[in-house]
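Undergrad: Once you've had a glance at the structure underneath, I'll fire off some questions.
The values are calculated or read from the model by the stated rules, or taken from the named source; none is laboratory data. As the structure is a computational prediction, the values presented were derived from the model and not from experiment. Note that we place each Cβ from the backbone using ideal geometry, even for glycine, and neighbour counts take in every protein chain shown.
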Amino acid sequence: MVESKVADMSTPARVVVVFVSRRAAGQEDEYGPMADRMVELAREQPGFVDLVSVRDPATRQGITVAWFEDEESVRAWKQHPEHVLAQQRGVADFYEDYDVTVGQAIRQYHFDRHEQ
C-alpha cells in the first residue's frame, strides 16, 4: 500500500486518473516489485502531482488515484515504455479486472487535524 498526503491541489484543472482493480490470486512476489517500480516511475514523470493507493487484501480490490498537471502528462505516462510493459503484464498475469477513469478535477477539499 502506498500512502501519500495529496499535494496542494489549489491550482485548478488538474487531471485525475482513477485505477480500480481486482488482482488475480498469487503472483504477489512478482507484483509487489513491479507496482513499486511503477509508483517510483510515475513520480518521475513530468506533470506528475501526486498518487495515493490502497488495497483490501481480503477482496484483492484496490484503488489508485493519480493527479497530473494536464492530459498531455497523463498520455505520456500511459505511453511510457516501461509502463506499457507493466500494463501488458497486468492483463496477462496480475489482474482479474480493472477500470480506468480519467477526468478533470473541478475542486478539492483538504483537512488535516495536525495543521489546525
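Undergrad: Quick one: in the stretch 57-100, of everything that is surrounded by fewer than 14 Cβ atoms within 10 Å (Cβ to Cβ) and β-branched (Val, Ile, Thr), which residue is farthest from Glu44 (Cα to Cα)?
TA: Checked the stretch 57-100; the qualifying residue farthest from Glu44 (Cα to Cα) is Thr59.
Undergrad: While we're looking at this one, here's another question. Among the acidic types (Asp, Glu) and free of Cβ contacts under 8 Å to residues at least 60 places away in the same chain - does that describe any residue in the stretch 91-106? Outline the logic, then answer.
TA: First, the residues of the stretch 91-106 that are among the acidic types (Asp, Glu): 93, 96-97, 99.
Restricting the remaining residues to those that are free of Cβ contacts under 8 Å to residues at least 60 places away in the same chain gives none.
Within the stretch 91-106, none of the residues are among the acidic types (Asp, Glu) and free of Cβ contacts under 8 Å to residues at least 60 places away in the same chain.
Undergrad: Also: Looking at Tyr98, Tyr31, Tyr109, which one is at pLDDT 95 or above and either more than 13 Å from the chain's Cα centre (by Cα) or not hydrophobic (A, V, I, L, M, F, W, C) (or both)? Before you say what the answer is, go through the steps one by one.
TA: Working: Tyr31 fails: at pLDDT 95 or above; Tyr109 fails: at pLDDT 95 or above.
Testing whether each residue is at pLDDT 95 or above and either more than 13 Å from the chain's Cα centre (by Cα) or not hydrophobic (A, V, I, L, M, F, W, C) (or both) leaves just Tyr98.
Undergrad: Next question. Exactly one of these conditions fails for Asp29: (1) of a type in the set (D, E, K, R); (2) over 30 Å from Arg107 (Cα atoms); (3) in contact (Cβ under 8 Å) with a residue 12 or more places away in the chain. Give me its number.
TA: The single condition Asp29 does not satisfy is (3).
Undergrad: Please pick out the residue among Asp70, Asp97 that is farther than 14 Å from Phe19 by Cα, of a type in the set (D, E, K, R) and touching a Lys or Arg at 6+ places or on another chain (Cβ under 9 Å). Show your work before the answer.
TA: On the way: Asp97 fails: farther than 14 Å from Phe19 by Cα.
Residue meeting the stated conditions: Asp70.
Undergrad: Being in contact (Cβ under 8 Å) with a residue 24 or more places away in the chain, within 14 Å of the chain's Cα centre (by Cα) and more than 30 Å from Gly26 (Cβ to Cβ) narrows it down to one of Val49, Val65, Val54, so name that one. Steps first, answer last, please.
TA: Numbers: Val65 fails: more than 30 Å from Gly26 (Cβ to Cβ); Val54 fails: more than 30 Å from Gly26 (Cβ to Cβ).
Val49 is the lone residue from the list that is in contact (Cβ under 8 Å) with a residue 24 or more places away in the chain, within 14 Å of the chain's Cα centre (by Cα) and more than 30 Å from Gly26 (Cβ to Cβ).
Undergrad: Please enumerate the residues belonging to the stretch 101-116 that are closer than 21 Å to Ala35 by Cβ and surrounded by 11 or more Cβ atoms within 10 Å (Cβ to Cβ).
TA: Going through the stretch 101-116, the residues closer than 21 Å to Ala35 by Cβ turn out to be 101-102.
Scanning the stretch 101-116 gives a single hit, Val102.
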